[in-house]
Amino acid sequence: MEYINIIVKAIFIENMIFAYFLGMCSYLAVSKTVKTGVGLGAAVIFVLGITVPVNYLMENYMLKEGALAWLSPSLATMDLSFLSFIMFIAIIAAMVQLVEMAVEKFAPALYSSLGIFLPLIAVNCSILGGALFMQERQYANIGEATAFGVGSGIGWFMAIVAIAAIREKIRYSSVPGPLRGLGITFILTGLMGIAFMSFMGIKL
């Protein structure tokens with residue numbers, strides 16, 4: 001039950017886009033069509049679902065003060081937490097490279113449509129934000145960290161697919177000239193963020 005709570009909370013109450021506005025550059029640039037939104041959203045779910053638990057293991061068995069006690073009693077006082085950012089980013093970059101190679105191999109059309117934004121997942125702040133939230137919230141075990149990573153990815157996926165669907169529809173609407181493009185997208189994102197704020201009253 002705790003895992004379901006963490007996933008639901010990550011999707012609706014602490015949504016990376018609507019609650020923290022993380023990963024906005026990719027969200028705005030790749031949400032012109034539902035197809036590209038689904039592709040990038042799925043890649044974000046995979047990367048968050050893998051990197052958050054891997055970074056959890058790295059944090060708890062390598063970096064925290066005393067984390068190396070399992071290796072040798074003489075290393076029990078060692079604190080490598082100052083390396084957290086570097087290690088987290090290295091793991092994220094490695095996973096993104098894996099996703100990029102898989103998409104290029106099995107979905108070349110999607111790879112071409114995503115363009116530079118697929119490798120740029122490595123610097124997507126929602127991915128690093130997931131690792132840092134995991135570190136800050138001190139999840140009890142790797143299962144909770146995985147649930148949080150997958151839930152955050154699903155929340156980001158849902159946000160980009162929703163805005164992509166709306167942008168496809170409003171393409172045929174009479175939007176005032178100065179608001180076309182990013183202007184109306186920012187307004188819609190703000191309205192969706194306000195709508196998601198209603199979930200914050202839910203206690204899980």
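The values are calculated or read from the model by the stated rules, or taken from the named source; none is laboratory data. Treat the numbers as computed from the prediction; the structure is a model and nothing was measured. As a convention, Cβ positions derive from the backbone with ideal geometry for all residues, glycine included, and neighbour counts pool all protein chains shown. For accessibility, only protein heavy atoms count, side chains too; no ligands or nucleic acids. Shrake-Rupley method; radii C 1.70, N 1.55, O 1.52, S 1.80 Å.
Some values worked out for this structure:
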| read-out | value |
| --- | --- |
| Answer residue from the stretch 74-130, given it is open to solvent by 40 Å² or more (accessible area, probe 1.4 Å), of a type in the set (Val, Ile, Thr) and not in a loop (DSSP other than H, G, I, E, B) and is farthest from Asn60 (Cα to Cα) among those | Ile116 |
| In the stretch 15-40, the residues that are outside any helix (DSSP H, G or I) and open to solvent by less than 40 Å² (accessible area, probe 1.4 Å) | Asn15, Met16, Ile17, Phe18, Ala19, Leu22, Gly23, Val30, Ser31 |
| The stretch 64-117 - residue that is of a type in the set (S, T, N, Q) and within 22 Å of Ala43 (Cβ to Cβ) and, of those, modelled with the lowest pLDDT | Ser113 |
| The stretch 152-204 - residue that is of a type in the set (D, E, K, R) and without any contact (Cβ under 8 Å) to a residue 24 or more places away in the chain and, of those, nearest to Gly49 (Cα to Cα) | Lys203 |
| Qualifying positions in the stretch 131-150 - open to solvent by less than 60 Å² (accessible area, probe 1.4 Å) and polar (S, T, N, Q) | Gln135, Asn141, Thr146 |
| Pair list, Cβ < 7 Å and 6+ apart or interchain, from the stretch 140-151 residues that are part of a helix (DSSP H, G or I) to residues that are surrounded by fewer than 22 Cβ atoms within 10 Å (Cβ to Cβ) and among the acidic types (Asp, Glu) | Glu144/Glu2 |
